[in-house]
Amino acid sequence: MFANFILRAGSLHLPVMNRISETDLILNADGSAYHLNLLPGEVADTVITVGDQDRVEGITKYFDHIEFKKAKREFVTQTGRVGNKRVTVLSTGIGTDNIDIVLNELDALVNVDFETRTVNPKLKSLNIIRIGTSGAVQADIPVDSLLVSEAAFGLDPLMHYYKQKLSIKEEVLLKAFRSALPDDYSLTPYIASADEELLNKLGKNVLKGITITAPGFYAPQGRQVRAISAMPNLMDVIQKFKSVDRRITNLEMETAGIYGLAANLGHKALSFNIILANRATHTFSEQPGEIMDHYIQEILSKISAL
């Protein structure tokens, strides 16, 4: 019964009931978050996530000022200012397994007191904006266009580990998509949606659609090289899906996880998809670098006006 008491500076203190353990939230020796290597205060209220480490510099080269740069593993972070707006740019690496790390540690950095290991009494909500590449699955969506995800179906398992509260609209869409999948497909998709406020402010006049978040790049996105796919008609199912006036527009590997965890933790999230390929027409961008740079500037302009 005495094991729960905590000794600090030679005094006996009563236990803190909501204290987060050292193995649930791991910190480095300098007090920074274990994977991101960031300290509280180093994360801006607006966070841009990118998959590719090199894309961080591709965004921050347009900053007016950079406060600091940090890197650990695939997680490269730079925080600075675009005009008067403080923004953090962070690379997540590929896939929702990394999103699990990034979203939880970002949240801890702004909502947990690292010294007492307790949740702050006043919680902060971040704006989390993904800028990523994607492949369209409908023939009428042009290569080199920009698309924002209104919602995403996750074919990965991440959000099955977390509580979700779905709207009626989301439940209807998810039920329709699950019904469209063949019985022999070993898939249990989930759904998560963009933050309505960010969608309305940043997604104005941008093509919108439903995104598929896949747990891989090849067979999980309907590609066939040499490994034999267990779901050879997956792309056909995805392209033909319709629920009232909603259809699936594109494939990528992070959006559903970002949307789901952001909602679970009380943050706002929006995913921009730069369409570099069209899977229906089998075409790929002839100038991917230039297109990426063009839309980075456009999205930064939108963010700075928030």
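The values are calculated or read from the model by the stated rules, or taken from the named source; none is laboratory data. Here the structure is a predicted model, which is why all the values come from computation and not from measurement. Glycine also receives a Cβ, built like all others from the backbone with ideal geometry; neighbour counts cover every protein chain displayed. These accessible areas exclude ligands, DNA and RNA; they are computed on the full protein's heavy atoms, side chains included. Shrake-Rupley method; radii C 1.70, N 1.55, O 1.52, S 1.80 Å.
One residue stands out among those in the stretch 136-159 that are more than 18 Å from ALA277 (Cα to Cα) and not in a strand (DSSP E or B): the one that is most open to solvent (accessible area, probe 1.4 Å), which is PRO157.
Listed here are the residues, each with its yes/no results for (1) over 16 Å from ILE129 (Cα atoms); (2) hydroxyl-bearing (Ser, Thr, Tyr); (3) touching a Gly at 6+ places or on another chain (Cβ under 6 Å).
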site: ALA230; (1), (2), (3): yes, no, no
site: VAL237; (1), (2), (3): yes, no, no
site: SER243; (1), (2), (3): yes, yes, no
site: THR249; (1), (2), (3): yes, yes, yes
site: THR255; (1), (2), (3): no, yes, no
site: LEU261; (1), (2), (3): no, no, no
site: SER271; (1), (2), (3): no, yes, no
site: PRO288; (1), (2), (3): yes, no, no
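Among the residues of the stretch 215-231, what is the count of those that are over 19 Å from GLY93 (Cα atoms) and open to solvent by 100 Å² or more (accessible area, probe 1.4 Å)? Don't jump to the end; show me each part of the working.
From the stretch 215-231, those over 19 Å from GLY93 (Cα atoms) are 219, 222-231; that's our starting set.
Among the residues that remain, those that are also open to solvent by 100 Å² or more (accessible area, probe 1.4 Å) are: 224-226, 228.
Qualifying residue count for the region: 4.
Of all residues in the stretch 27-72, which are without any contact (Cβ under 8 Å) to a residue 12 or more places away in the chain, part of a loop (DSSP other than H, G, I, E, B), open to solvent by 70 Å² or more (accessible area, probe 1.4 Å) and over 22 Å from LEU306 (Cα atoms)? The answer is ALA29, ASP30.
Across the stretch 92-128, the number of residues qualifying as within 19 Å of TYR259 (Cβ to Cβ), polar (S, T, N, Q) and open to solvent by less than 30 Å² (accessible area, probe 1.4 Å) comes to 4. Against the numbered list (1) in contact (Cβ under 8 Å) with a residue 24 or more places away in the chain; (2) in contact with a strand residue (DSSP E or B) (Cβ under 9 Å, 6 or more places away or on another chain); (3) within 23 Å of THR255 (Cβ to Cβ), GLN78 comes up short only at (1).
Flag set for ASP183, criterion: modelled with pLDDT under 95, more than 16 Å from ARG246 (Cα to Cα), open to solvent by 20 Å² or more (accessible area, probe 1.4 Å) and in a loop (DSSP other than H, G, I, E, B).
Inside the stretch 242-286, residues that are acidic (Asp, Glu) and surrounded by 17 or more Cβ atoms within 10 Å (Cβ to Cβ) make up a count of 2.
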